[in-house]
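A short reminder: the numbers here are calculations on the coordinates, not readings from a lab. Fair warning: this is a prediction, and the values are worked out from it, not measured in the lab. All Cβ positions, glycine included, derive from the backbone under ideal geometry; neighbour counts span all protein chains shown.
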Number of protein chains: 2
Amino acid sequence: MSILVTGGAGYIGSHTCLELLKAGYDVVVVDNLCNAKEESLKRVSHLAGREVAFRNVDIRNISELRKVFSAFSIDAVVHFAGLKAVGESTKVPMKYYDNNVNGTRCLLEVMNEFDVRHLVFSSSATVYGDPETVPVREDFPTGTPTNPYGRTKLVIEEMLKDLSASDERWNFSLLRYFNPVGAHESGIIGEDPNGIPNNLMPFIAQVAVGKREKLNVYGGDYPTEDGTGIRDYIHVVDLAEGHLAALKTHWNDTGVHTYNLGTGNGSSVLEMLSAFEVACGHSIPYEIVARRPGDIAECFADPSYANEKLGWTATRTIAEMTADTWKWQTANPEGYSE
Amino acid sequence: MSILVTGGAGYIGSHTCLELLKAGYDVVVVDNLCNAKEESLKRVSHLAGREVAFRNVDIRNISELRKVFSAFSIDAVVHFAGLKAVGESTKVPMKYYDNNVNGTRCLLEVMNEFDVRHLVFSSSATVYGDPETVPVREDFPTGTPTNPYGRTKLVIEEMLKDLSASDERWNFSLLRYFNPVGAHESGIIGEDPNGIPNNLMPFIAQVAVGKREKLNVYGGDYPTEDGTGIRDYIHVVDLAEGHLAALKTHWNDTGVHTYNLGTGNGSSVLEMLSAFEVACGHSIPYEIVARRPGDIAECFADPSYANEKLGWTATRTIAEMTADTWKWQTANPEGYSE
């Protein structure tokens, strides 16, 4: 089986490529490298002992994408390609509608031409908006995402549902990620954000390694036990395994299947900070500052449906998430840059 | 002032072009003619006594669109171009996401390049989904549109709001149409649907003129006075005048402004049928059949905000809507075809 992985050089993409290779799939990656480096895939190939085929292609470039489908006999697509910085999405929303929504539309057009109708899609818990209760189940109503990034994820979900309803040959898995963190246990691949990290863990890691002065904790007055926001952090290798589990259900199935990929456990910002201090062996300076607009108090998954239907469960602990992040960060203080 | 009208050869577009010309604007139309004929614009020019500049351009063709913006000094855009058949949208949803959402994205990209940031957008009351109460006000929550066509309208509204929030130079009027019917009082321009009409009035007109055997009335058991669905029918010339009124507010304004364009009066299917029988002078055969999935019982506007802010009110009666439709239909039984 050959799997096309869009955005495969990125953080979650590269970890998923590794799991796919280890499971015996052939892997073809397209990535425009706007937020990733080809080095990640070299390391994935090294870790797996097998090559990844890589093409520097933007999925909006339909003619280039056609060449990839012509050159390889693709059986299914795992679709990561997309922009993901919440703050940036409020500043340049059209870039997000173009890369994410229009990019997915172009991908589907070429898939259809080549009779490839299995797709695993990187969605996000952001589609729930501010959920009325936690844990969040897949049958909760999708809410109003609080930013353009989130809206593009919801639009894509709806587009895939409309397409599936119109043509029963398609098979879509919508994987709603909670908060991916950590790195491969080898410390050889991990998250390499451009510029100032948008997310908590890479930010903590850069403070811990001395690249940044202190952590800003956005909001200490949420209605939670310690006043900081609660999220469901999931180890990126657990997440990668979730993609594999979803893919295995594909071959004799059709329709749209939605899965929460989370642990089911909520952790506060301060809990994550403490866990990271244990992992790195020293204290990490932080300051509690104002809440960020659009942030919600608490969000964590009910992951039981993915367990029941896919036989998948996240098994890695917060201690492993922080230890693996620290291992990656110390071994690669400048990420994949030389 | 020069106004670019996308989809200007279509039903509402052509009536709006006429009002723009009469008000002294220069008009440039781009239309890919997928659901319209250039003949409509020839007749508009004839009625106005002034020429419309026409280019056969698909708005998704960015390089062709740039040529139009280079050739004319455009001050604002009235954006009708898009597909609108609810039933078709459930069968080929990607065509709708491409033409409507991606088409609008391409248009905005070129407008931005040419520093044109005034846009009047053809939205629809469908963005309210199934409203909890009637009349519907602009501050009602947008609901879940019941079909892909409606979803594309809602996605475009959200995209425009995101763009405006990111860059305050833009100015958008979102015009939420209720149910446009009728034709110009001359009978020279009107609605010329491809194939079987999707909407009530052109269908009634084709039965009345003998082109179709009978009218199917979808659902006689709605919780309404006579059991048939209630809608807010608005004369297309009133609607065209609403575009003009919105445009007049543009020059010193920015942000996103949303207006219901409706009469505020609900009429049932059987009431419209009776009114049409009066207009055409004979009875029209009909049959009550099962409800259509996705149809709602009742929807009509509270148009007071458009009145207050734009000084606009729909003034034409149901009798005028049916009489003008009949005049157009009898004078042009085959629409714009020779």
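On alpha carbon coordinates alone, what is the Rg over Rh value for chain B, Rh being the Kirkwood radius? Before the final figure, lay out the partial values.
On the way: Rg = 19.0 Å, Rh = 20.1 Å.
Result for chain B is an Rg/Rh of 0.94.
Compactness ratio of the protein assembly as shown: Cα Rg over 2.2 N^0.38 Å, N = residue count? Kindly include the intermediate steps, with their values, before the conclusion.
Working: Rg = 27.7 Å, N = 676, 2.2 N^0.38 = 26.2 Å.
Dividing the Cα Rg of the protein assembly as shown by 2.2 N^0.38 Å gives 1.06.
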For A:R291 and A:D75, FRET efficiency with R0 = 56 Å and r from the beta-carbon atoms, rounded to 0.05?
-> 0.80
What are the DSSP H helices in chain A that stretch 30 Å or more along their long axis, judged by alpha-carbon atoms, and whose average Kyte-Doolittle hydropathy comes to at least 0.5?
-> none
Only Cα pairs under 8 Å and at least 6 apart count here; give the relative contact order of chain A as a rounded whole percent.
-> 19
Would you kindly derive the ³J(HN,Hα) couplings of the range A:216-233 from the backbone phi angles with the Karplus curve 6.51 cos²θ - 1.76 cosθ + 1.60 (θ = phi - 60°), listing them in order in whole Hz, with x for Gly and Pro?
-> 8, 9, 7, x, x, 10, 6, x, 10, 4, 9, x, 9, x, 10, 9, 9, 7
Please identify, among B:Y259, B:Y305, B:Y177, the residue showing maximal mean-square fluctuation in a Gaussian network model of chain B using a 10 angstrom Cα cutoff.
-> B:Y305
List the residues whose amide H sits under 5 Å from the amide H of B:A81, counting only those 5 or more places along or on another chain, with H placed 1.01 Å from N in the peptide plane.
-> B:T6, B:G7
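What average number of partner chain Cβ atoms lie no more than 10 Å from the Cβ of the residues making up B:145-158? Show your work: numbers first, answer last.
Details: counts 1, 0, 2, 7, 1, 0, 5, 4, 0, 2, 8, 1, 0, 9.
Across the residues of B:145-158, the mean count of other-chain Cβ atoms within 10 Å is 3.
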Residues with amide H under 5 Å from that of B:D130, placed H, sequence gap 5 or more | B:T144
Report relative contact order for the range A:248-338 in percent, whole number only (criteria: Cα-Cα under 8 Å, sequence separation at least 6).
-> 42
Alpha-carbon centroid distance for the pair the range A:1-47 / the range B:195-221, whole angstrom | 55
Within the range A:65-88, which residues have the backbone N less than 19 Å from the label spot 7 Å out from A:F114 along Cα→beta-carbon, could you tell me?
-> A:65-82
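Note down the relative contact order for the range A:144-257 as a percent, whole number, built from C-alpha pairs under 8 angstrom at least six residues apart. Write down the numbers at each step before the final one.
Values: 94 pairs, mean separation 42.7, N = 114.
Answer for the range A:144-257 is 37 percent.
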Can you give me the Cα centroid spacing of the range B:127-167 and the range A:89-140 in angstrom?
-> 19
Kindly put A:L244, A:L215 in sequence by how many other C-beta atoms sit within 10 Å of each C-beta, fewest to most.
-> A:L244, A:L215
Length released on extending from A:V278 to A:A165, taking residue separation times 0.36 nm less the Cα-Cα span | 35.7 nm
What distance in nm separates the simple spin-label points at A:E225 and B:D139, each placed 7 Å from Cα in the Cβ direction?
-> 4.1
Per-selection Rg to Rh, the range A:185-239 - Cα, Kirkwood hydrodynamic radius = 1.01
The long-range amide H neighbours of B:T263, using H built 1.01 Å from N in the peptide plane and a cut-off of under 5 Å, are B:A301
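Rounded to the nearest 500 deg cm²/dmol, what is the calculated helix-only ellipticity per residue at 222 nm for chain B, with -39500 (n - 2.57) per DSSP H run of length n ≥ 4?
Working: 12 runs with 127 residues, N = 338.
Dividing the helical sum by the residues of chain B leaves -11000 deg cm²/dmol.
How shielded is B:105-115 by partner chains, expressed as the average number of their Cβ atoms within 10 Å of its Cβ atoms?
Values: counts 5, 2, 0, 3, 2, 0, 0, 1, 0, 0, 0.
The mean count of partner-chain Cβ atoms within 10 Å per residue comes to 1.
Could you calculate, for the range B:37-119, the ratio of the Cα radius of gyration to the Kirkwood radius, expressed as Rg to Rh?
On the Cα set of the range B:37-119, Rg over Rh gives 1.02.
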